[in-house]
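Below is one structure; the comments refer to it alone.
The values are calculated or read from the model by the stated rules, or taken from the named source; none is laboratory data. This is a predicted model, so every value here is computed, not measured. Quick reminder, even Gly has a Cβ in these numbers, built from the backbone with ideal geometry, and neighbours come from all protein chains shown. What goes into the accessible areas is simple: the full protein's heavy atoms, side chains included, and nothing from ligands, DNA or RNA. Shrake-Rupley method; radii C 1.70, N 1.55, O 1.52, S 1.80 Å.
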Amino acid sequence: MTNAVLDISGVSKRFGDNLANDNISLSLGRGEIVALLGENGAGKTTLMSILFGHYVPDSGKVLIDGQELPPGKPRSAIRAGIGMVHQHFSLAANLTVLENVMAGTESLWRLRSDTDAARQKLEDISTRFGLIVDPDARLGDLSVGEQQRVEILKALYNDARILVLDEPTAVLTNLEAERLFRTLKDMAREGLSLIFISHKLDEVMAAADRIIVLRGGRKVAERPAKETNKAELAELMIGRKVARPVREPSTPGEVALKVTGVSVSIDGVERLKSIDLSLRAGEILGIIGVSGNGQATLAHLLSGTVRRDKGDIVLFGEPVGDLSVEGAVQAGIGRIPEDRNNEGAIGEMAIWENAVLERLPRFSRHGLVDRSAGQAFARKIIDAFDVRGGRPATRTRLLSGGNMQKLILGRNLIDRPRILLAAQPARGLDEGAVAAVHERLLQARRDGTAVLLVSEDLEEVMALADRIQAIVNGRLSPAVAADKVNATKLGLMMAGEWNEEHEISHAL
Amino acid sequence: MSAFSAPFLPTLVRRERASLAATLLAPPVALAVATVLNLGLYLLIGRDPVAVVYAMLFEPFLSWASFSEVLLKTGPLLLIAQGLAIGFRAKVFNIGAEGQFILGAIFASAIPIWFPQATGQWIWPMMLLLGVLGGALWASITAFWRVRLNANEILVSLMLSLVAAQLLNYLLLGPWKDPNGFNFPQSVMFQYDAMVPVLIAGTRVNVSLLLTLALSIAAWLVMQKSFLGYKLQVGGLAPRAAGYAGFNEGWAIWLSLLIGGGAAGLAGAAEVAGPIGQLQRSISTGYGYAAIIVAYLGGLHPIGIIASALFMAALYIGGDNAMVSANLPIAAVRVFQGSLLLAYLIAIAFVRYRLEWHRPIYRSKP
Ligand SMILES: Nc1ncnc2c1ncn2[C@@H]1O[C@H](COP(=O)(O)OP(=O)(O)OP(=O)(O)O)[C@@H](O)[C@H]1O
Ligand SMILES: [Mg+2]
């Protein structure tokens with residue numbers, strides 16, 4: 001291509017005996033949007049990391065406007081106009097949004113940083129692209145969705161001409177995702193070139209001009225979006241047909257968890273306002289809402305990591321006061337955290353060490369950790385949950401995003417928990433893996449586990465949940481039966497429009 | 001100023017992975033670099049570098065008499081460094097081991113000073129226990145403020161060391177001064193039973209060295225094998241994951257500081273109840289600070305720390321030798337220690353990161 005702004009030619013990268021990228025070539029035109037599609041571990045992130053200079057390829061090269069980019073130099077990549085929004089966020093939690101955006105852009109020689117100009121530039125960009133965040137908010141206080149907005153803003157702030165987004169919508173609601181893609185299209189119209197990685201076929205079809213499919217490190221197909229369809233893409237990606245499972249009718253059992261009138265404040269801000277919910281054995285209760293409305297706090301409350309101000313929590317008929325982590329795990333609550341990179345797993349530790357993380361008492365004798373039992377446990381999870389790319393002693397950060405999530409899912413589900421708290425469990429997983437996770441959640445439901453599913457994915461909640469509650473601004477709507485609502489009604493609920501008539505009686 | 005932008009400054013880029021060979025090579029390379037630099041320094045101040053190097057690096061190992069002194073110095077360094085390393089791995093930076101050492105010595109001295117006539121084999125073990133208590137108590141002040149107010153433990157523990165030194169001064173100039181000591185700021189000499197038994201006849205090496213080695217093994221067990229060490233390590237590596245897994249951060253801070261303080265206090269007690277035999281101003285020759293170097297040189301690994309403590313002790317003795325035989329000022333030894341730590345930290349930075357130079361190879365079109 002002559003007008004290509006970016007050419008990747010013949011790139012290969014090997015990790016040990018794992019060929020993550022195998023002679024991949026692709027080009028990107030000015031104003032074009034290309035989607036990179038592929039299973040977990042297909043090598044998408046690796047390829048983009050090579051483009052961005054995080055990894056040095058074993059062979060092959062990257063050309064920007066026909067000029068070769070020096071390999072392994074992120075700075076040169078940034079200066080060449082490549083912006084990257086990482087799958088694993090790389091922002092500092094204790095800095096403000098503005099400081100994060102400015103970090104790394106300033107000269108070391110300057111005594112004073114030009115905050116005013118930076119603030120102006122940031123505000124211009126965020127209004128222009130509709131990416132609204134408070135520049136003075138501390139990053140650690142933002143939801144994952146908001147943090148991602150900051151990542152995008154940071155790339156734009158660095159004058160990116162080629163923007164790479166690694167699974168940008170994994171953390172967004174459908175509404176937010178739609179808005180993001182509108183923004184991306186506007187950007188493309190203004191001459192920006194974009195590559196985004198995704199597992200979601202709908203959005204790939206809707207947003208991309210061209211679609212490139214990777215499988216097992218190789219480029220297996222390249223199609224203009226107009227000349228393909230979802231079914232073909234799914235097959236190209238996975239090599240076989242997949243369908244997400246849907247819940248079948250069932251009768252729930254006893255109430256496993258009852259929360260009444262619970263309020264929680266964090267640092268003086270009321271995050272949960274007198275919420276009520278009740279969860280039965282053998283059912284899935286879906287909590288839906290736009291990121292940042294208190295679902296993180298709700299998940300933390302039931303995980304035992306935050307204290308309540310008032311209200312009651314009753315577990316299996318017994319009031320428990322505040323839950324502790326240990327108490328929760330011992331009571332048989334499996335916990336899948338929303339933020340797997342920071343809360344769920346420790347990248348620098350081995351897979352087996354992560355596998356036993358919350359269950360250490362079970363894996364220690366006389367105060368010593370039983371390494372072989374831990375490794376056996378990890379091996380069991382790796383086999384049962386199809387965690388690819390590592391053995392028990394591998395460092396966890398070497399797993400691809402989806403495989404890390406499978407590990408976390410596995411360590412919770414393998415124990416057959418009585419209650420499963422799943423916060424965004426399928427986020428960032430490929431279609432095959434999403435189907436597998438959904439199947440696991442439904443299996444848990446069949447086994448009589450009470451599942452609380454906190455999700456931003458309408459489709460997921462409607463397919464899995466028996467009853468649905470919306471969370472808006474720290475308040476929980478009454479529950480509605482999933483087969484009595486449609487997407488429109490749920491959309492209204494997520495916007496805070498509910499009234500008591502939606503409530504169904506809990507008597508059953 | 002703003003005319004200078006950063007393009008010609010290199011930046012540090014994290015390596016994909018750090019190689020094991022490079023990790024193991026870092027200490028010897030650091031030692032070589034520090035040695036060469038210091039040789040230059042000795043030349044500049046007009047000393048014979050060959051004589052200095054011989055006295056500093058070889059003599060300590062050449063006679064049993066001086067090697068036993070090396071072992072004697074190894075004790076406190078090893079003990080303090082093991083304690084500190086546990087905290088460092090949990091990212092709790094106790095820099096005040098010097099003060100905790102002094103408090104350990106003071107607590108231990110209370111028995112022989114208050115009961116100079118007491119006899120019995122219980123006395124020295126009791127003193128060691130009191131030493132642990134004293135060091136831990138002193139460290140607990142730091143822990144309290146860190147957990148309570150999130151006060152920086154580096155500053156608090158460091159400043160408390162200065163307070164501890166003044167406390168020692170006060171005791172030695174006032175209530176605990178030996179009445180028959182010609183007004184010297186030191187306590188009475190301790191009675192026989194207040195001394196830790198000698199281990200190797202004819203030397204000053206005593207039983208506390210065995211204790212120290214046993215505690216090193218314990219440190220290894222704790223850090224590499226135990227539930228407790230695992231929790232501390234998770235806290236250091238990923239505080240949020242630790243919180244999510246229910247590991248209490250305050251608990252980790254308390255534990256790290258109590259272990260570090262207790263170990264330093266024990267070292268202090270073993271010094272006054274061992275080679276020194278009384279409480280005096282110069283009970284510590286900077287052990288608390290040197291142990292920080294020892295801990296890092298040993299890669300914060302209990303086994304590595306045994307090697308680095310031995311090495312650092314030899315450097316102390318070698319420095320003494322060099323002072324006598326090559327007329328080297330005492331400050332030169334400190335300079336050597338400091339440059340060694342610096343060289344090691346730089347070496348280890350290059351094990352984990354590489355430099356990226358910014359040649360303006362590529363310029364984007366306007
Ligand atoms: N630094 C590394 N060292 C060793 N192996 C690695 C490293 N980085 C990635 N891998 C492996 O290379 C393969 C490709 O990983 P990559 O992260 O590129 O996948 P991905 O397509 O982005 O998957 P996901 O959708 O799950 O994010 C995986 O098997 C992964 O385990
Ligand atoms: Mg990826």
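How large is the direction-averaged shadow of the alpha-carbon convex hull of the protein assembly as shown, in nm²? Please report the intermediate quantities before stating the final value.
Details: hull surface 168.3 nm².
The directionally averaged projection comes out at 42.1 nm².
Within 10 Å of each Cβ in peptide B:271-282, how many partner chain Cβ atoms are there on average? Round it to a whole number, please.
Mean partner shielding for this stretch: 0.
Could you work out what % of the accessible surface of segment B:156-253 is carbon and sulfur, using a 1.4 angstrom probe and leaving DNA, RNA and ligands out of the count?
Solvent-exposed carbon and sulfur of segment B:156-253 make up 69 percent of the total.
Which net charge results for the neighbourhood of B:E153, defined as the other residues with beta-carbon distances under 15 angstrom from its beta-carbon, given Lys and Arg at +1 and Asp and Glu at -1? Can you show the working numbers first?
Values: positive: B:R89, B:K91, B:R146, B:R148; negative: B:E98, B:E249.
So the environment of B:E153 carries a net charge of +2.
For chain A, what does the accessible surface come to per residue with a 1.4 Å probe? Please give it in Å².
Value for chain A: 41 Å² per residue.
Got a sec? Which residues of segment A:364-390 lose 40 Å² or more of accessible surface with every protein chain in place, vs. that chain alone, 1.4 Å probe?
A:L368, A:V369
Give the lysines whose C-alpha is closer than 19 Å to that of A:K310, dropping any in the same chain fewer than 8 places away, or say none.
A:K258, A:K273
Would you work out if segment B:50-131 is rounded, prolate or oblate? Take a ≥ b ≥ c from the square roots of the eigenvalues of the alpha-carbon gyration tensor; rounded if a/c is under 1.5, else prolate when a/b is larger than b/c, oblate otherwise.
Cα axes put segment B:50-131 in the oblate bin.
Normalised by the number of residues in segment B:78-296, what is the relative contact order in percent for Cα pairs under 8 Å and 6+ residues apart?
About 44 percent, as a whole number.
For every other residue with a beta carbon closer than 12 angstrom to the beta carbon of B:L232, add +1 if it is Lys or Arg and -1 if Asp or Glu, then tell me the sum.
+2
To the nearest hundred square angstrom, how large is the accessible surface buried between A and B, total for both chains, probe 1.4 angstrom? Intermediate results must be reported in sequence, preceding the final value.
Numbers: alone 22540 and 18950 Å², together 37670 Å².
The contact between B and A buries close to 3800 Å².
Antiparallel as a % of all DSSP beta bridges within segment A:4-238, to the nearest 5?
So the antiparallel bridges in segment A:4-238 amount to around 55 percent.
Quote the relative contact order of chain A in percent (integer), defining contacts as alpha-carbon pairs under 8 Å separated by 6+ residues.
Here the relative contact order equals 16 percent.
Please list the non-local residues whose amide H lies under 5 Å from the amide H of A:D276, H modeled 1.01 Å from N, same-chain partners needing a gap of 5 or more.
So A:D276 has HN proximity to A:G261, A:L476.
Before anything else, pin down the relative contact order of chain B: Cα pairs under 8 Å, at least 6 apart, normalised by residue count, whole percent.
36 percent.
Let me check something: with ligands and nucleic acids excluded, how do B:I200, B:I106 order by accessible area (1.4 Å probe), largest to smallest?
The ordering from most to least exposed comes out as B:I200, B:I106.
I'd like to know how segment B:113-223 sits against the 2.2 N^0.38 Å rule of thumb: what's its Cα Rg over that expected value?
Values: Rg = 17.8 Å, N = 111, 2.2 N^0.38 = 13.2 Å.
The value comes to 1.35.
I'd like the Karplus ³J(HN,Hα) series for segment B:108-117: coefficients 6.51, -1.76, 1.60, θ = phi - 60°, whole numbers in Hz, and an x wherever there's a Gly or Pro.
So the Karplus estimates, Gly and Pro as x, are 5, 5, 4, 5, x, 7, 7, 10, x, 8 Hz.
Taking K and R as +1 and D and E as -1, what net charge do the other residues with C-beta under 15 Å from the C-beta of A:I284 add up to?
Result for the neighbourhood of A:I284: -1.
Taking the mean number of other Cβ atoms within 10 Å as a proxy for protection, how do you rank B:233-245, B:285-297 from highest to lowest?
B:285-297, B:233-245
Tell me what chain B gives for mean residue ellipticity at 222 nm when only DSSP H runs of n ≥ 4 count, each as -39,500 (n - 2.57), the sum divided by the residue total, rounded to 500 deg cm²/dmol.
Helix contribution divided over all residues of chain B: -21500 deg cm²/dmol.
So which GluC sites (Glu not before Pro) in segment A:187-232 are both in a DSSP loop and have at most 11 other Cβ atoms within 10 Å of their Cβ?
A:E190
From other protein chains only, count the Cβ atoms within 10 Å of every residue's Cβ in A:333-342, then give the mean.
2
What trypsin sites (Lys or Arg not before Pro) in segment A:295-356 are in a loop by DSSP, with at most 15 other Cβ atoms within 10 Å of the Cβ?
Here the trypsin sites (Lys or Arg not before Pro) that fit, given the DSSP loop and packing criteria, are A:R307.
Debye calculation, C-alpha points only, no solvent: report log10 I(q)/I(0) for segment A:4-238 at q = 0.17 Å⁻¹, in the same order as the q values.
-1.30
Amide H of A:G38: which non-local residues (sequence gap of 5 or more, or other chain) have their own amide H closer than 5 Å, using H built in the peptide plane?
A:S198, A:L214
What list of whole percents do you get for P(r) of chain A, with Cα-Cα distances grouped in 10 Å bins up to the one holding the largest distance?
4, 18, 28, 27, 16, 6, 1, 0
Restricting the count to DSSP beta bridges whose residues both fall in the protein assembly as shown, what percent are antiparallel, rounded to a multiple of 5?
Here the antiparallel bridges make up roughly 60 percent for the protein assembly as shown.
What average number of partner chain Cβ atoms lie no more than 10 Å from the Cβ of the residues making up B:234-244?
That average works out to 6.
Of the heavy-atom accessible surface of chain A (probe 1.4 angstrom), what whole percent is carbon and sulfur?
Values: 9940 of 20740 Å².
The C+S portion of the solvent-accessible surface of chain A is 48 percent.
If you count the DSSP beta bridges with both ends in segment A:360-498, what percent of them are antiparallel, to the nearest 5?
For segment A:360-498, the DSSP antiparallel bridge percentage is about 55.
Rounded to the nearest 500, what is chain A's calculated 222 nm mean residue ellipticity when only DSSP H runs of at least 4 contribute -39500 (n - 2.57) each, over all residues? Write down the numbers at each step before the final one.
Details: 16 runs with 158 residues, N = 508.
Calculated mean residue ellipticity at 222 nm is -9000 deg cm²/dmol.
Within straight cross-link reach of B:K91, meaning Cα distance under 20 Å, which lysines are found once same-chain residues fewer than 8 apart are removed?
Straight-line reach from B:K91, under 20 Å: B:K225, B:K231.
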